[in-house]
Amino acid sequence: MTETGVDTAARFVVGITDHMMGPPTIEAEILAGLADVDFFDTRREDAMDPARLARVDALMVWGAPVTRRIIPHLTRCRGVVRFGVGYDKVDVAALAEVGIPFANNPDYGTEEVADHAVALLLSLQRRLWEHDARSRTYGATWQTNTLSPLHRGSKATVGVVGVGRIGTAVVNRLKPFGYRILGHDPHQPAGHEKAVGYTRVRHLDELLAESDIVTFHCPLDGTTRGLLDAARLERFKPGAILVNTARGELLAGLDPLETALRSGRIAAAGLDVLPSEPPAPHPLIDAWRAREPWLQGRLVITPHNAFHSDAAALEMRSNAAWTVRILLEEGVLRNRIAP
């Protein structure tokens, strides 16, 4: 592996734009003997050398965008592969215009995201963080400080928005707890609900009106960006819990969520993703950071790491690298995404 040079013994060059976990040594090991790895180490398209882009036979990307700014320089590229699942920063249509196929990496971290979502769901439904925050002030009245309402899980309804790989894993984890489970996903074939074990709801607003807890596992696209605006949040069942481990941009900013939390329309929210990351100053974020009494235990934020475990990190990197190796060796791009 080199940063800018090419090993003449290698048949191909694989560019890697950026990486969240240090240099791409794992990828280089998987591609050894076939391709030299050229590590750009940047998320900025304007920092990527056109000459280096022009000699890559495949491009792997983590957080960097891939747009019309660099696509014209990918003159030898046989495919672009993203390390992660979401690809809202990749202009798939522009790649297709010049004949470059694109693939994501959907078969990693499924267990981790599902576990994370269910952990948020269960702890918010049991109001664990509120108990933790308030218990610091209790004295002799210790055990009498119960919170109400506190609903029994087997009497609650959970709505799952997006019942693909991760949504299905969430459903499978929730069934033993006895929840009534609704699912909304227009992309799943008829009968999917029977095979997995949930009640299909055709219209999202119907699911929101019936669910005590709603967990989101849908992709970010033109139909879901800004889905959770003020009007949509008003369609939630009063006192519902919202969990989002999918994409932060499902939220139409933080203003609607703050309003819904202050009014009690949303009792609590568990978010692994935010509209902008890291979060910029905002009254809701400021109140969360300051542990303001009105929000104590009602807003739980984790730093977009639901996908992560040591095993998932290795799986993500190796799966993506094998996708590239198979492409270069066999001309087959698995997990290909149509424009």
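Taking label points 7 Å from Cα along the Cα-to-Cβ direction, Ser309 and Ala93 give a separation of 3.9 nm.
Let me check something: with ligands and nucleic acids excluded, how do Tyr87, Tyr179 order by accessible area (1.4 Å probe), largest to smallest?
On the way: Tyr87 85, Tyr179 20 Å².
Most to least solvent-accessible, the answer reads Tyr87, Tyr179.
For the stretch 21-104, a/c is less than 1.5, where a ≥ b ≥ c are the root eigenvalues of the C-alpha gyration tensor. That puts it in the rounded class.
Note on Ile326: accessible area approximately 40 square angstrom, rounded to 10, probe 1.4 Å, nucleic acids and ligands left out. From the coordinates of this entry, mean projected area of the Cα convex hull in nm² is computed, and it appears in (1) 15.8; (2) 18.9; (3) 20.6 under the label (2).
Between Ala338 and Arg136, what length in nm is gained on full extension when 0.36 nm per residue of separation is reduced by their alpha carbon distance? Intermediate results must be reported in sequence, preceding the final value.
On the way: separation 202, 0.36 × 202 = 72.72 nm, distance 5.30 nm.
67.4 nm is the gain from fully extending Ala338 to Arg136.
Each Lys or Arg adds one and each Asp or Glu takes one away; over the other residues whose Cβ falls under 11 Å from the Cβ of Leu122, this sums to +2. Using the alpha-carbon centroid of each, what span in Å lies between the stretch 9-48 and the stretch 299-323? Answer, in whole Å: 18.
Annotation: the antiparallel percentage among DSSP beta bridges lying fully within the chain is about 5. You can think of it this way: the chain between Asp205 and Ser318 has 36.7 nm of extra reach, that is 0.36 nm per residue less the Cα-Cα gap. Quote the relative contact order of the chain in percent (integer), defining contacts as alpha-carbon pairs under 8 Å separated by 6+ residues. Contact order relative to length: 18 percent. First check a/c for the stretch 80-189, with a ≥ b ≥ c the square roots of the eigenvalues of its C-alpha gyration tensor; if it is under 1.5, answer rounded, and if not, answer prolate when a/b is larger than b/c or oblate otherwise. Prolate is the answer for the stretch 80-189, as a/c is 1.5 or above and a/b outweighs b/c. Between the helical axis of 165-174 and the dominant principal axis of the chain, each derived from Cα atoms, what acute angle in degrees is found, rounded to the nearest 10? Taking the Cα atoms of the chain, the angle to 165-174 is about 30 degrees.
Helices in the chain, meaning DSSP H runs of at least 4 residues, each add -39500 (n - 2.57). Divided by all residues, the mean residue ellipticity at 222 nm is -8500 deg cm²/dmol. Here's how it looks for Tyr198: its modeled amide H is under 5 Å from none belonging to a residue 5 or more places away or on a different chain.
Tell me whether the stretch 130-270 comes out rounded, prolate or oblate; compute the Cα gyration tensor, take square roots of the eigenvalues as a ≥ b ≥ c, and use a/c under 1.5 as the rounded threshold. Walk me through the intermediate numbers first.
Working: a/c = 2.31, a/b = 1.44, b/c = 1.61.
In terms of gyration-tensor shape, oblate.
So what's the angle, to the nearest 10 degrees on a 0 to 90 scale, between helix 110-125 and the longest Cα principal axis of the chain? It works out to around 20 degrees.
Looking at this model, which pairs from Lys194/Lys237; Lys89/Lys194; Lys155/Lys194 are more than 30 angstrom apart at the alpha-carbon?
Lys89/Lys194
Compared with the dominant principal axis of the Cα atoms in the chain, helix 310-330 is inclined by about 40°. Across the protein chains, with a 1.4 Å probe defining accessible surface, the residues Ser148, Ser154, Ser211 rank Ser148, Ser154, Ser211 from largest area downward.
Note on the chain: with a GNM built from Cα contacts shorter than 10 Å, the maximum mean-square fluctuation among Gly84, Gly99, Gly109 falls on Gly99.
In terms of solvent-accessible area of protein heavy atoms at a 1.4 angstrom probe, what is the ranking of Met48, Met21, highest value first? Before the final figure, lay out the partial values.
Values: Met48 10, Met21 50 Å².
Order by accessible area, largest first: Met21, Met48.
The values are calculated or read from the model by the stated rules, or taken from the named source; none is laboratory data. Small disclaimer: the values here were computed from a predicted structure and weren't measured. Cβ: placed from backbone, ideal geometry, glycine included. Neighbour counts: every protein chain shown. Side chains included, ligands, DNA and RNA excluded: accessible areas come from the protein's heavy atoms. Shrake-Rupley method; radii C 1.70, N 1.55, O 1.52, S 1.80 Å.
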